[in-house]
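The values are calculated or read from the model by the stated rules, or taken from the named source; none is laboratory data. Because the structure is a prediction, the values reported are computed rather than measured. Positions of Cβ are backbone-derived with ideal geometry, glycine not excepted, and every protein chain shown enters the neighbour counts.
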Amino acid sequence: MKKNLILLLCLILLGCTNKENKENKENNQITIYTKRHYDIDKHLFEKFEKDNNINVNVVQASSDELIERIKTEGDNCPADVLITVDAGKLYKAVDEKLLEKINISDINNNINKNLIDKNGYWIPITYRSRVIAYNPEKVDVKDLSTYEDLKDKKWKNRILVRTSSNSYNQALLSSLIAHHGKDIALDWANQLSKNFARSPKGNDRDQIRAIFRNVGDIAIVNSYYVGLLKSSDDENDQKVGDAVKIFFPNQGKNERGAHVNISGVGILKKSPNKENALKLIRFLTSEYAQNYYTNNSFEYPVNLNVKPSSIVAEWGEFKIDKLDLNELGINRKQAIEVFEKSKWN
Amino acid sequence: MKNLNGISNLSILSILASILGIIILIPIIFIIYENFASNLEFKQSFLNYFYDTFHLILLTSFFCIIFGIIPAWIITFLKIKYKFFFDLLLVLPLAIPGYVMAFIYSDLLGYGGVIDFFLEKKFNQVISFDVLSINWLSLFLSFSLFPYVYSTARVSFSLIGNTYINLSESLGVNTMSKIFKVIIPLSLSAIVSGLFLVIMEILNEYGAAEYFGIKTFSVGIFKYWWALNDKNSSIFLSFILLIIVLVLIFLNNFFKKNENKIQYHIKSSSIILKKIKNPFSKFFAYVVIGVPIVFGLFVPLLSMTNNVIKNFSKFDFTELSNLIQNSLSISITASFIIVAITLFILIIKRYSNSNLLKFIIKILSAGYAIPGAIIGLSIMLILQQNSFISVLMGTTFLLIYAYVFRFIAVAIFTIDNNLKKQPYEFDKLADSLKLNNLKKFIKINLPLSLNSIIIAFLIVFIDIMKELPLTLILRKSTGKFNTLAIEAYNKAKNEELANSSLYSLTIVLICIIMIIVVNIFLKRKKHVH
């Protein structure tokens, strides 16, 4: 009896399974697998849903988990698009043969040329720079110059940064490997870790908070975190945000520019709703969405017709590293190996 | 005497139960198989994971013992006002997931946090410290884990009763040696099983450890898997973790065997409560009880409530009700299935006395200790082997299957403990009355197990409400399926602690209600006994 009951329950569940998969084949919907989980994205997806009368399903997880999930689901994968916050992960999805080429030149016309995928598999949505936040009372801005210079002894016990398993740090190191090779990158990571004010931990905001409390003088962080702190409803966060300044490294005449990374979207090969996927991409790169992104998440808009938010604009214009962003994926494995060998935990 | 027909029926059932057990065990079997199938090497860097994990375990256990055992001793043996409430309040921190506790405290105490600014304003001087360290994390985790030690110690202390204590007193033993020579040794197995649960939770800890930059096994498994793209090392780490867990289970069982010998002697009279005469000692006793309640319950609850009030206008309450529905429906369905399967397997074990089944049940108990993340990933890898079964990915069925694997141990612990106490004479009586197995179950064992079934259901329910990595990886890919735990964790991880508070507060409130219900059942159970 009990056995039958369990069997029955299993059958019912299997029944649900089939229904769930069928539901997804319906046309008027789109399934988004995304790493981004900000309220801003939720708002934009809701607007897209309303404007186009398309049902939006969102599965949010880390990029690696999503890629693994797409592989596991195989032919049954309901996802139409994959959104990540790192070009390296999009490269990984391309490498795993999960994405298909996107052929919409009219979109690319409006997008910053330096950020476009040369192979045509993904479209950038926003970009950010990994910058140096510093305490203006403790640091003479003239002492700041390049990422490479951070290994100098003058920064001993002054640098704050999160752990090496964080993908932002891995992307930065991938770019250093692309420019200088593995050996120089290893030496850089080792020398840099000698200058740490404390062992790497916490998130980017925690590094800025630690500057505020004089644990260290400079921190390697993503630009938008400073914006988020400055614009926070929380008075204490505002104080922390106001206490630091931003410096874009490698801006000298013969220098390559500051490291940037994108948040981007790709269409899955097995996407059941490709039309809707294209509509979504058009929407996310539209002036409306781009304005919304920069004014709320303080990332930089990729659409050339949209200006950065006032907080972002205050940091001034800067030269970006023109490295092909796919290099952030191509060199990822080496970057991880370098980190493993280095003293950066 | 069983007739021939009965035996064959039972053996079919026991084979079925064994198969069911083995199906549930597939993720473990897969890890062991993969471990031996691929060429694995022990890396020097693995040692860091050992070091950090054991550091965290030792220190958290230490704090849990302080916060758990001393209050349990005071509540059991001393005359205290409002005992009922204290008893309940000391269990409630269990409702707050470890990662929520860690995020809340690091936000309160960290650089630029509320306390930091408050102290600066008050004393016009910066008094701040780095809470993102392994020692602080141990303390924060212990705030939510000490109830495991408290409740097991409490039950054990009340079982000891006055017999031993009077005896030791009449032998002129002083208080200190009474505690260390009588009470602690007698309760050792109970305290160990409480600590066992604490350690299992720590081994499972991922979110908070990663944020604090601490290398626990779960963090390592993820790092090798995702960041380093080195599946073999990750499987190897999982395998090591599995062995550690099996050793712990063995140790726990070893202590339990000793407990059986002790209990045999206890025919205790009810406890005579001692009055505390010295007002200073009295005050001290209340402080000792109060500290874990304040830090484990009031501070996090106040902080979450404060965040919710501050951000009230920003919240989307239709979404909240949607999330509550999702969380409740998945937790209730899964808890029901887990309890049903547990009962089926345990009853068949009892009736058939099958050794294979006994062995399978022992291994099933390890499921609780295996980090949800490993289960999720090993399930994913299994599905990748075959496109036919990959249909299951992202279905409710698979998520529930994973929950069964992860939480069946909790149901087994609770229901099996109760079944063991049911005298076999009842079964024999039923056999002599020629009742078939089903009737025997319905008329005898089911009514006797009812309380433990309800308790198991509620505990599993609470665990699933709080569960994170499994739900995150295996949740449905269609429809708007998100749970409270996912939303709370995503927001907190995304550095939006204030926004995550509404969801974590909801989880905590639902779990608090459930814990109160469990406690009422436990009280009722005592009366029945």
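Per-residue answers, yes or no, for (1) within 12 Å of chain A (Cβ to nearest Cβ); (2) touching a Ser or Thr at 6+ places or on another chain (Cβ under 9 Å); (3) in a helix (DSSP H, G or I); (4) of a type in the set (S, T, N, Q):
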{"residue": "B:Leu13", "(1), (2), (3), (4)": "yes, yes, yes, no"}
{"residue": "B:Ala17", "(1), (2), (3), (4)": "yes, yes, yes, no"}
{"residue": "B:Ile26", "(1), (2), (3), (4)": "no, yes, yes, no"}
{"residue": "B:Phe36", "(1), (2), (3), (4)": "no, no, yes, no"}
{"residue": "B:Leu40", "(1), (2), (3), (4)": "no, yes, no, no"}
{"residue": "B:Ile70", "(1), (2), (3), (4)": "no, no, yes, no"}
{"residue": "B:Ile104", "(1), (2), (3), (4)": "no, yes, yes, no"}
- Message: Can you pull out every residue in segment A:298-345 that is farther than 16 Å from A:Asp86 by Cα, part of a helix (DSSP H, G or I) and either touching a residue at least 40 places away in the same chain (Cβ under 8 Å) or within 14 Å of chain B (Cβ to nearest Cβ) (or both)?
- Response: A:Ile311, A:Val312, A:Gln334, A:Glu337, A:Val338, A:Phe339, A:Glu340, A:Lys341
- Item | Residues being in a helix (DSSP H, G or I), in contact (Cβ under 8 Å) with a residue 12 or more places away in the chain and in contact with a helix residue (DSSP H, G or I) (Cβ under 8 Å, 6 or more places away or on another chain) - total across segment A:48-73 | 9
- Message: Can you pull out every residue in segment B:472-529 that is away from chain A (no Cβ under 14 Å) and either at pLDDT below 75 or not in a helix (DSSP H, G or I) (or both)?
- Response: B:Phe521, B:Leu522, B:Lys523, B:Arg524, B:Lys525, B:Lys526, B:His527, B:Val528, B:His529
- Message: Restricting to segment A:173-207, give me the number of residues that are in a helix (DSSP H, G or I) and more than 14 Å from chain B (Cβ to nearest Cβ).
- Response: 18
- Query: Regarding A:Ser263, is this residue modelled with pLDDT of 95 or more, under 17 Å from the mean Cα position of the chain (by Cα) and within 14 Å of chain B (Cβ to nearest Cβ)?
  - Reply: yes
- Task: From A:Asp149, A:Asp75, A:Asp80, grab the single residue that is surrounded by fewer than 19 Cβ atoms within 10 Å (Cβ to Cβ) and within 14 Å of another protein chain (Cβ to nearest Cβ).
- Result: A:Asp75
- Message: Looking at segment B:417-471 only, could you name the residues that are surrounded by 22 or more Cβ atoms within 10 Å (Cβ to Cβ) and in contact with a Lys or Arg (Cβ under 7 Å, 6 or more places away or on another chain)?
- Response: B:Leu470
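Among the residues of segment A:83-123, write down those that are away from every other protein chain (no Cβ under 14 Å) and basic (Lys, Arg). Explain how you work it out, then say what you get.
Let us first name the residues in segment A:83-123 that are away from every other protein chain (no Cβ under 14 Å), namely A:83, A:87, A:90, A:94, A:97, A:99-123.
Those that are away from every other protein chain (no Cβ under 14 Å) and basic (Lys, Arg): A:Lys97, A:Lys101, A:Lys113, A:Lys118.
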- Scanning for something without any contact (Cβ under 8 Å) to a residue 40 or more places away in the chain, over 22 Å from the mean Cα position of the chain (by Cα) and within 11 Å of chain A (Cβ to nearest Cβ), does segment B:133-143 turn up at least one residue? no
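Within the group B:Ser365, B:Ser303, B:Ser331, which residue is part of a helix (DSSP H, G or I), within 14 Å of chain A (Cβ to nearest Cβ), touching a residue at least 24 places away in the same chain (Cβ under 8 Å) and under 30 Å from B:Tyr150 (Cβ atoms)? Talk me through it step by step, then tell me what you get.
Details: B:Ser365 fails: within 14 Å of chain A (Cβ to nearest Cβ); B:Ser331 fails: within 14 Å of chain A (Cβ to nearest Cβ).
Step by step, each of B:Ser365, B:Ser303, B:Ser331 is checked, and only B:Ser303 is part of a helix (DSSP H, G or I), within 14 Å of chain A (Cβ to nearest Cβ), touching a residue at least 24 places away in the same chain (Cβ under 8 Å) and under 30 Å from B:Tyr150 (Cβ atoms).
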- All conditions in (1) closer than 26 Å to B:Phe521 by Cβ; (2) in contact (Cβ under 8 Å) with a residue 12 or more places away in the chain are true of B:Ala492 except (1)
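Against the condition of a type outside the set (S, T, N, Q), away from every other protein chain (no Cβ under 14 Å), more than 30 Å from B:Glu495 (Cα to Cα) and surrounded by fewer than 16 Cβ atoms within 10 Å (Cβ to Cβ), how does B:Phe157 come out, does it pass?
no
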- Message: Pairs please, first residue from segment B:94-114 and on the phi > 0 side of the Ramachandran plot, second anywhere and of a type in the set (Ser, Thr, Tyr), Cβ atoms under 9 Å, 6+ apart in sequence or on different chains.
- Response: B:Gly112/B:Ser128
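Kindly indicate whether A:Ala210 is farther than 24 Å from B:Glu495 by Cβ and in a helix (DSSP H, G or I). Reasoning before the result, please.
Details: farther than 24 Å from B:Glu495 by Cβ: no; in a helix (DSSP H, G or I): yes.
No; evaluated as a whole, the condition is false for this residue.
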- Note on the structure: Scanning segment B:379-430 residue by residue, the ones that are more than 14 Å from chain A (Cβ to nearest Cβ), aromatic (Phe, Trp, Tyr) and under 21 Å from B:Val518 (Cα atoms) total 2
- Verdict on B:Gly376 being assigned to a helix (DSSP H, G or I), within 31 Å of the chain's Cα centre (by Cα) and either away from every other protein chain (no Cβ under 11 Å) or of a type in the set (Asp, Glu) (or both): no
- For segment A:276-317, which residues satisfy the criterion of being among the hydroxyl-bearing types (Ser, Thr, Tyr) and buried (at least 17 other Cβ atoms within 10 Å of the Cβ)? A:Thr285, A:Ser286, A:Tyr292, A:Tyr293, A:Thr294, A:Ser297, A:Tyr300, A:Ser309
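It is to be established whether one or more residues within segment B:176-187 are of a type outside the set (Phe, Trp, Tyr), under 22 Å from the mean Cα position of the chain (by Cα) and assigned to a helix (DSSP H, G or I). Step through it out loud before you land on a result.
From segment B:176-187, those of a type outside the set (Phe, Trp, Tyr) are B:176-179, B:181-187; that's our starting set.
If we keep only those that are under 22 Å from the mean Cα position of the chain (by Cα) as well, we get B:187.
Cutting the leftovers down to assigned to a helix (DSSP H, G or I) gives us B:187.
Yes, segment B:176-187 contains a residue that is of a type outside the set (Phe, Trp, Tyr), under 22 Å from the mean Cα position of the chain (by Cα) and assigned to a helix (DSSP H, G or I).
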- Query: If you take the residues of segment A:215-252 that are in a loop (DSSP other than H, G, I, E, B) and within 12 Å of another protein chain (Cβ to nearest Cβ), which of them is surrounded by the most Cβ atoms within 10 Å (Cβ to Cβ)?
  - Reply: A:Val244
- Query: Taking the condition within 14 Å of another protein chain (Cβ to nearest Cβ), in a helix (DSSP H, G or I), buried (at least 17 other Cβ atoms within 10 Å of the Cβ) and out of contact with any His (no Cβ under 8 Å at 6 or more places or on another chain), does B:Leu108 pass?
  - Reply: yes
- Single residue of segment B:207-236 satisfying the filter (within 12 Å of chain A (Cβ to nearest Cβ) and assigned to a loop (DSSP other than H, G, I, E, B)) that is surrounded by the fewest Cβ atoms within 10 Å (Cβ to Cβ): B:Asn229
- Every pair of residues 6+ apart whose Cβ atoms lie under 8 Å, when the first sits in segment A:109-137 and is without any contact (Cβ under 8 Å) to a residue 60 or more places away in the chain while the second is in a strand (DSSP E or B) and surrounded by 23 or more Cβ atoms within 10 Å (Cβ to Cβ): A:Ile116/A:Ile123; A:Ile116/A:Pro124
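Okay, residues lined up against (1) surrounded by fewer than 21 Cβ atoms within 10 Å (Cβ to Cβ); (2) charged (D, E, K, R); (3) within 22 Å of B:Trp226 (Cα to Cα):
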position: A:Glu46; (1), (2), (3): yes, yes, no
position: A:Lys50; (1), (2), (3): yes, yes, no
position: A:Ile54; (1), (2), (3): yes, no, no
position: A:Ile70; (1), (2), (3): no, no, yes
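Do the conditions hold for A:Phe212, that is, is it out of contact with any helix residue (DSSP H, G or I) (no Cβ under 6 Å at 6 or more places or on another chain), within 14 Å of chain B (Cβ to nearest Cβ) and among the aromatic types (Phe, Trp, Tyr)? Let's see the steps before the verdict.
Working: out of contact with any helix residue (DSSP H, G or I) (no Cβ under 6 Å at 6 or more places or on another chain): no; within 14 Å of chain B (Cβ to nearest Cβ): yes; among the aromatic types (Phe, Trp, Tyr): yes.
In short, no.
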- Of everything in segment B:397-432 that's among the hydroxyl-bearing types (Ser, Thr, Tyr) and at pLDDT below 85, which residue is farthest from B:Ile249 (Cα to Cα)? B:Ser432
